[in-house]
1. Counting other C-beta atoms within 10 Å, and keeping those with at most 11, which DSSP coil chymotrypsin sites (Phe, Trp or Tyr not before Pro) do you find in region 361-450?
2. On a C-alpha basis, how far is the centre of region 411-441 from the centre of region 68-103 in Å? Whole number, if you could?
3. Starting from the amide H of Ile499, placed 1.01 Å from N in the peptide plane, find each other amide H under 5 Å away whose residue is 5 or more places distant or on another chain.
4. Test of understanding: what is the full-extension gain from Glu119 to Asp84, defined as 0.36 nm times their sequence separation minus their Cα-Cα distance?
5. Of the GluC sites (Glu not before Pro) in region 64-118, which ones lie in a loop per DSSP and count no more than 12 other C-beta atoms within 10 Å?
6. When the Karplus curve 6.51 cos²θ - 1.76 cosθ + 1.60 is applied with θ = phi - 60°, which whole-Hz ³J(HN,Hα) does each residue of region 109-122 get, with x for Gly and Pro?
7. Please report Ile277, Ile269 as a ranked list, fewest other C-beta atoms within 10 angstrom at the top and most at the bottom.
8. Okay, which of region 420-437 sit inside 20 Å, backbone N to the point 7 Å along the Cα-Cβ direction of Asp386?
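Taken together, the values in this text are just the output of simple stated rules run on the coordinates, not laboratory data. Please read these numbers as outputs of a predicted model, since none were measured by experiment. With ideal geometry, Cβ positions are generated from the backbone for all residues, glycine too; neighbour counts draw on all protein chains shown.
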Amino acid sequence: MRQTTTAPRNNKLKPSSNLIMNGSVRVRVIRTLLAIQNGQSLSSVLDPLLNSLHDGDKGFAHALLLTTLRQWYALSRLLDTLADNPIDEVEVRTTIQVGLVQLLYLEVADHAAIHETVEAAKEIEFAHATGLINAILRKVAKNPNKFRKKCNKNHSLPNWLAYQLKQDWSEQYNELTQGLRQSAPMFLRVNTAVTSVDDYQQELYGAEIDTDLVELTSGFNLPHSSDTATLSTQALRLHQSTAVSALPQFAEGAVSVQDMHAQLAAPIIHKALINKIGKDKNVTDLHILDACAAPGGKLAHWLELINSAEHSPLFHVKQDNAEVTAPTSKIKLTAIDNEAPRIERIYDNLDRLNLKQENLEQAEKNVELEIVCADATRWQGAGKKDTSEAVFDAILLDSPCTATGVIRRHPDISILRAEEDVEQTAVLQADILHNLWPQLKVGGYLLYVTCSILKQENALQMQDFISHHDDAVAVEFTEDCNWGIAQTIGRQCLPIDGISGDGFYYALLHKAAE
Ligand SMILES: C[S@@+](CC[C@H](N)C(=O)[O-])C[C@H]1O[C@@H](n2cnc3c(N)ncnc32)[C@H](O)[C@@H]1O
């Protein structure tokens, strides 16, 4: 039988969303958790929390907050077994869970964990519950191994999400749900227009930052041909996460932080675009689209590839060491997103990476960059209202999604998302696809990407789309791909262990003549 979600029981949660940052570290973490349960995202409350603290307290606060969020539902279920009577006050539940994390997951001495957590309860005016908080934490402190085992036994997700993952990934279910409770590794994307991956890895080594080189190979069968396109992408995985300020030449744009599976998007659509040009020798102007582009991670990667002679024969084609006229005289890259504040972050990222319009001109690349704040369910690239015109040679659609594939990095998602969001998100994705598809030229490619691990947003979404569009052909990924799991359409990456990338889904569509 399908279960409904348990925690959070926010019937007693005060509607205030103003985050008051005073009191002890634990008090501030508890208030931050209450704000998240009130609907605020982790990314909006993390900086106010950390900025309110002395440097010496930031690490502990960060670990306490993130670990509590990652173990939230498991702790909540454990708590239900520890109290004689149901505990309904959300502030009390939150305070106890913060205490439990210290005892079970962080190496905080028992007496400090219990005393400081009880003091925190007094500070946030829950003195009436201090006896209960004290009793529960003492009980757990007597036998932490037993309670840790109990807490770790099952998933730490809301029941609706665990149920759906069981439906979608029965074989991988245990690994996947345990994987989602862990922290995610940090990956880097080296800007190959500036330096090579090998050289940058050496530079990191010199700065005592150890990394593994991750080589991702992709292959897909070219439509109307027996040929296969293969490409390889290199990412660096840090052995230990570090502040970006410690990364050599970060401010100068030599490197970006980007998950290894997110680094597949730009190379795949770029390779598909090159293939399209190869087919159509008369192309002189290309118009390509990054729909849903903010904050610009994949957009910047695409521009880096366009800028890099190694990856981009768009401007420089060498044959037998002789420079041959470039096949493409101009590329217009349009990027859209419907959230103005997030678009500001595109400008910041391009600025740091020296990929703004003036930088592209200085590099003598005939690339026109256009950034537009618009709703992708309605926006028309040709500018004509309500009339779709096929103007794009390639479209990267990094679609809005439930972001269930990045829960390790944003553990607040499991608290903030509700079951009904999946259906709503799938409708939004279908609307965006429906609006963009007619704007793709015949022979063009659309790469559909999500960071969701739910089939409804991924393979099922694609199946539904193709069944309604006779001119949409799913391009088959080949066995060369050393990432993801083959789906009816596309491939799905799952975050199943401490070294894997995030839960991305990829499907490449080709537009055939109707
Ligand atoms: C997965 S994020 C994109 C991440 C980005 N491609 C990157 O690599 O940095 C999805 C984006 O879709 C945008 N979005 C959501 N609904 C939209 C809509 N109707 N039209 C345009 N953009 C939308 C969100 O603002 C968000 O920035």
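1. Nothing satisfies the criteria.
2. 32 Å
3. Excluding prolines and chain starts, which carry no amide H, there are no hits.
4. Length gained, Glu119 through Asp84: 10.4 nm.
5. Those that pass, being in a loop and sparsely packed, are Glu107.
6. So the J values, rounded to whole Hz, are 4, 3, 4, 5, 4, 6, 4, 5, 6, 5, 4, 4, 4, 5.
7. Ile277, Ile269
8. Correct set: 431-432, 434-437.
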